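What follows is a single structure, written as structure tokens, with notes after it.
The values are calculated or read from the model by the stated rules, or taken from the named source; none is laboratory data. As the structure is a computational prediction, the values presented were derived from the model and not from experiment. Reconstructed Cβ throughout: ideal geometry from the backbone, glycine too, with neighbour counts over all protein chains shown.
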Amino acid sequence: MEHYDVVVVGAGPAGCSAARKAAEEGGKVLLLELQPQIGGPTKSAVWVPENFPGREFALAEVSEVSSLHLHAAGEELAFSAGGRILNRQVLEKLLAARAAEAGAEIWLGSPVKEFLMEEGRVRGVVLESGDWREKVGSEVVIDASGSGWELSGIFRRRFGGWKREEVMFLSEYTMANALPRKEVEIWFNSYFAPGGKIWIYPLGDGFAQFGISGLRLHPEAALDEFLGVENPRRLGRSVPVASSRGQFPIEDPLLPSCGDGVLSVGAASSQTRIFSSGLPLAMECGEMAGEAAVNGITEGDTSREGLLPYERRWKAKFLGELRAERLVHRSLSVAWDRKFKELLTLAREDAELRRSLLRLMQGEEVGRALMMMVEREEVREILGEERAGRVKALLRGEGVEE
């Protein structure tokens, strides 16, 4: 049986970032990917802010963004916006290349069936596919297996997995022959996308990404129906040439994210955004996990207590705003499109509120954006005074882990 310091399950943004950081810290690292390729066919495009790390991911860039158009219940608000659209299939290959350059070993087509257990603690993983079964030992396993597959969330399943009513389902089409615009368009619609949204991202050269997310929906049917009923002008003569689907949890990320010999990161630990992609969040938490794993090994303590600094660190930085974002989402989900229409009406005359909506949609300074919003009396009326007060308390770090 082969043995590593750190085994990372899942080569998405969180897993690649964890593997790279653990290797940079001196660990012997194995990165396992279920799919036969990293950044496989289920990964599409993502909108990132201008301050997204450096320009080392320029090969993944497919379009710049010049404006944002928000739609809700017949109301439309258009304003200047920046950032870039990145191809996730290319981006994740670049992230994996960085992990490999740091010294991590990568195995493709390696589905992790379960943890390798010894005396109640995780000691590695068990890989299984058809007649092939292999055990790989490690000091620490980092579960970055996501939430979209039957084998996802190995650590989270110990706590019962995710509640279906708190899972966001999504479907996307890559559309050819779309009008060549550098605009991001987002619709909030209670009928087609309850609790979610419909979006169009520019992909350059007459291509666009057309997607939908929502609670309790069949995403492909909802996407087709929206296209047929609303017929966005930009997609009038376009046709789908590729499709993908997925899901991610939006439940409260309060459950433990570490145990004896194991850490959980990214969607596998409900470290997810609701209004944006959450890519920078996943990468940063991945780095925290990789560093904590090697620190635990170096200090000779890979028990839950020895790995707990990771959980304390990421929760200290992100838990308050993640819980606040979920609370805002629950409040808006009652009359989803009507409440967004009221927000757009307010933002039409309020430049700071427009900036906050932009930050929220891009996943940039989310805590700051939410705080600015709930400080507006008119926004508090939309959310409800009690919930707005709880959002403020969470953002101030009060009662974050209650």
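Checked against the criterion of being of a type outside the set (Phe, Trp, Tyr), at pLDDT 95 or above and at positive phi, the range 138-147 has no qualifying residue.
Criterion first (buried (at least 17 other Cβ atoms within 10 Å of the Cβ) and closer than 28 Å to residue 274 by Cα) does residue 64 satisfy it? It is false that residue 64 is buried (at least 17 other Cβ atoms within 10 Å of the Cβ) and closer than 28 Å to residue 274 by Cα. Checking each residue in the range 3-35 for being assigned to a helix (DSSP H, G or I) and either under 14 Å from residue 285 (Cα atoms) or without any contact (Cβ under 8 Å) to a residue 12 or more places away in the chain (or both) picks out 13, 14, 15, 16, 17, 18, 19, 20, 21, 22. Output yes when any residue across the range 214-221 is under 19 Å from residue 276 (Cβ atoms), of a type in the set (Gly, Ala, Ser) and surrounded by fewer than 22 Cβ atoms within 10 Å (Cβ to Cβ), and no when none is. Looking through the range 214-221, none of the residues is under 19 Å from residue 276 (Cβ atoms), of a type in the set (Gly, Ala, Ser) and surrounded by fewer than 22 Cβ atoms within 10 Å (Cβ to Cβ). Taking each residue of the range 218-229 that is closer than 15 Å to residue 194 by Cα and looking for partners that are of a type in the set (Gly, Ala, Ser) with beta-carbon atoms closer than 6 Å, six or more apart or interchain, yields 219/171; 220/171; 223/171. Cβ-Cβ contacts under 9 Å between residues 6 or more apart (or on different chains), taken from a first residue in the range 321-333 that is in contact (Cβ under 8 Å) with a residue 12 or more places away in the chain to a second residue that is of a type in the set (Phe, Trp, Tyr), are listed as 325/275; 328/275; 329/275; 332/188; 332/340. If you go through the range 28-55 and keep only what is under 26 Å from residue 132 (Cβ atoms) and not aliphatic (A, V, I, L, M), you end up with 28, 33, 35, 36, 37, 39, 40, 41, 42, 43.
Taking the conditions (1) closer than 15 Å to residue 18 by Cβ; (2) at pLDDT below 95 in turn, residue 285 satisfies each one other than (2). Of the residues making up the range 292-328, just one is crowded, with 17+ Cβ neighbours inside 10 Å and either modelled with pLDDT under 95 or not in a helix (DSSP H, G or I) (or both), namely 302.
Looking at this structure, is residue 86 outside any helix (DSSP H, G or I), at pLDDT 90 or above, buried (at least 24 other Cβ atoms within 10 Å of the Cβ) and aliphatic (A, V, I, L, M)? Against the criterion (outside any helix (DSSP H, G or I), at pLDDT 90 or above, buried (at least 24 other Cβ atoms within 10 Å of the Cβ) and aliphatic (A, V, I, L, M)), residue 86 qualifies.
The test for being touching a Cys at 6+ places or on another chain (Cβ under 9 Å) and either surrounded by 19 or more Cβ atoms within 10 Å (Cβ to Cβ) or assigned by TED's automatic domain parsing to the domain that holds residue 205 (or both) does not hold for residue 11. Going by what's in this entry, would residue 145 be described as among the hydroxyl-bearing types (Ser, Thr, Tyr) and under 23 Å from residue 289 (Cβ atoms)? Against the criterion (among the hydroxyl-bearing types (Ser, Thr, Tyr) and under 23 Å from residue 289 (Cβ atoms)), residue 145 qualifies. Count of the range 355-366 residues, restricted to those that are at pLDDT 95 or above and surrounded by fewer than 20 Cβ atoms within 10 Å (Cβ to Cβ), is 1. Looking at the structure I just gave you, is residue 173 of a type in the set (Ser, Thr, Tyr), under 20 Å from residue 334 (Cα atoms) and outside any helix (DSSP H, G or I)? No; evaluated as a whole, the condition is false for this residue.
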